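This report refers to the structure that appears directly beneath it.
The values are calculated or read from the model by the stated rules, or taken from the named source; none is laboratory data. Nothing here was measured: the structure is a model prediction, and the numbers come from that model. Methodologically, a virtual Cβ is constructed for each residue, glycine included, from the backbone with ideal geometry; neighbour enumeration extends over all protein chains shown.
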Amino acid sequence: MTEKGFNVAACGLYCGTCRRFLNGKCPGCANNDKATWCSVRNCCKEHGWMSCAECNLMPIERCPKFNAFISKVFGFVFRSDRGACIRRIREIGVENFAKEMTESGNYNRPVKKH
């Protein structure tokens, strides 16, 4: 579910600078048919959204799918801040977000702009 060619996963992570994605060891969110376990990806597909940034059902902080136990484990292991990524996408748009992430070389935390 990479957002319109910008390599943004449903949860807001940026696949475009992920080593596994770049090395062909991960197809990314959109093309990962084995990721049926991901409730965030499934929810976005069900609603026709490219990412949680398009959701207006509830704040992501209260979403049980976005904040499921497995999501917290992944966040801890990969030191990611998916919530901040989603907020940044909402703030500046997916294209600008992808550009910032590419320039920073990061995939799991948005760039801090001062």
* Asked: What tally of residues in the range 17-31 results from selecting those that are in a helix (DSSP H, G or I) and crowded, with 20+ Cβ neighbours inside 10 Å?
  -> 1
* **In the range 41-62, the residues that are touching a Cys at 6+ places or on another chain (Cβ under 9 Å) and either exposed (fewer than 14 other Cβ atoms within 10 Å of the Cβ) or of a type outside the set (Asp, Glu) (or both)** => Arg41, Cys43, Cys44, His47, Trp49, Met50, Ser51, Cys52, Ala53, Cys55, Leu57, Ile60
* **Those residues of the range 7-29 which are polar (S, T, N, Q) and modelled with pLDDT of 90 or more, in sequence order** => Asn7, Asn23
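Which members of the range 32-52 meet the condition of being in a helix (DSSP H, G or I) and touching a helix residue (DSSP H, G or I) at 6+ places or on another chain (Cβ under 6 Å)?
Taking the range 32-52 and keeping what is in a helix (DSSP H, G or I), we get 35-37, 39-47, 52.
Hits for the range 32-52 are Ala35, Arg41, Cys52.
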* Asked: If Val94 passes every condition in (1) touching a strand residue (DSSP E or B) at 6+ places or on another chain (Cβ under 7 Å); (2) among the β-branched types (Val, Ile, Thr); (3) loosely packed, with under 15 Cβ neighbours inside 10 Å but one, which one does it miss?
  -> (3)
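So which residues in the range 67-86 are of a type outside the set (Val, Ile, Thr) and free of Cβ contacts under 8 Å to residues at least 24 places away in the same chain, if there are any at all?
First, the residues of the range 67-86 that are of a type outside the set (Val, Ile, Thr): 67-69, 71-72, 74-76, 78-85.
Residues satisfying the conditions are Asn67, Phe69, Lys72, Phe74, Gly75, Phe76.
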